[in-house]
1. Could you work out how far apart the two model spin labels at Asp19 and Asn157 are, taking each label as a point 7 Å from the Cα in the direction of the beta carbon, and quote it in nm?
2. Could you sort out which of Lys48/Lys226; Lys123/Lys169; Lys198/Lys241; Lys4/Lys46 sit more than 21 Å apart by Cα distance in this structure?
3. Two-decimal Rg/Rh of the range 2-89 from alpha-carbon positions, Kirkwood Rh?
4. Determine which aspartates and glutamates satisfy two conditions relative to Lys250: a Cα distance under 17 Å, and not lying fewer than 8 residues away in the same chain.
5. Compactness ratio of the chain: Cα Rg over 2.2 N^0.38 Å, N = residue count?
6. Cα convex hull of the range 235-340: how many Å³ per residue?
7. For Lys226 and Glu28, FRET efficiency with R0 = 30 Å and r from the beta-carbon atoms, rounded to 0.05?
8. Compute the separation of the alpha-carbon centres of the range 178-193 and the range 13-71 and state it in Å as a whole number.
Amino acid sequence: MGHKINLVSFDESIEVEQDETILEIALEENISFPFGCASGNCGACKSKLILGEVEMRSYSTFALTDDEKSRGIILPCRAEPRSNCSVAIMNFDDALSHPLKHLQGEVVAVEKLTHDIAGVRVKLPEPLEYTSGQFANIAFPGLPAREYSFATPSISNEIEFHIRRMGDKGVSAFVFDEMNVGEPISVHGPLGFAFLRKEETGPIYAVAGGSGIAPIRAILAEAAQKEGANLRPVRLWFGVKTEDDVYLEKELQNLQREWPNFKLDIVLSEPNKSTSRRKGLVTEAIESDLLDIGSAGLDGARVYIAGPPPMVESSRALFVDAGMDASRIHADAFYTQEDKASLNS
């Protein structure tokens, strides 16, 4: 027997069976519900259960603390309804109203950005509106859909993704070894709530790990387009393993020259040659710098983080410990299929 779920943030209602999650059906109904890992580990879908009862599948207390649970907060990606419910998204941004679209496009360019990251440009039959920091589900014929962040702002019917090779099989291997210009591609989006709050003028603190620079690049480019953006302080920490993993540096340096309040730190965790760059984990650099920034420097700020889950979780914790309001931290953790499988096991 299904239950009626009132999604008050969207003024929409859906029918959810007892063995289904609220998020699963919301996405099936093309509702732009925020989510990240969809496995109870990131907290992106965190919502308030206003009325009703749900049963939660297993989840991480990093995503939902015991105190939050006691106050009626749930993770819709893990919540199976046991009655009719009313649910409101935490920190819902009413300004985000991009419609979900399912478009068929074609690949118009492929560029190897590093030894294991490829930039893929896609032409769509019509513009796809999104806010920088969001992502889409993309699929090539005969291959499963995967989630990739938009690497540029939404300015035309061409979009770009950065795809890191994860092994010798699957989507990423196909992109590196077989994909050609003209390849058909299915794009479903936009998705995700780790997007630029572009009406604000407070400081931006951004953290990127590896290909996590893709959505961060888009966020900064969109912020730079906004009138008066050059007055907005920006601090970017970009963490990679070796010099061979650094990319987009010239573009970021150009942005730094044009944007007086922009500071860039590229941090190498495993330098393979002599370097003048900062060395160590990017989180170590952040922890050190936050001591100088202080809680006053976080006033009115937003934090955007993208990359590997451990880096994302550690960075988020550092900002919270430094006095940052957790609701002003927007994180996009790049979970692999293996990560998701382990979360569900």
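1. Inter-label distance under the simple model: 4.3 nm.
2. Too far apart for the 21 Å limit: Lys48/Lys226; Lys123/Lys169; Lys198/Lys241.
3. 0.91
4. Of all the aspartates and glutamates, those that pass the test against Lys250 - Cα under 17 Å, at least 8 places apart if same chain - are Glu111, Glu258, Asp265.
5. For the chain, the normalised Cα radius of gyration is 0.99.
6. 122 Å³
7. Efficiency for this residue pair is about 0.30.
8. The range 178-193 and the range 13-71 have Cα centres spaced 27 Å from each other.
Each value in this text was obtained by applying a stated rule to the coordinates, not by laboratory testing. Predicted, not measured: the structure shown is a model, and the values here were computed from it. Don't worry about glycine lacking a Cβ; one is built from the backbone with ideal geometry, like all the others, and counts go over all protein chains shown.
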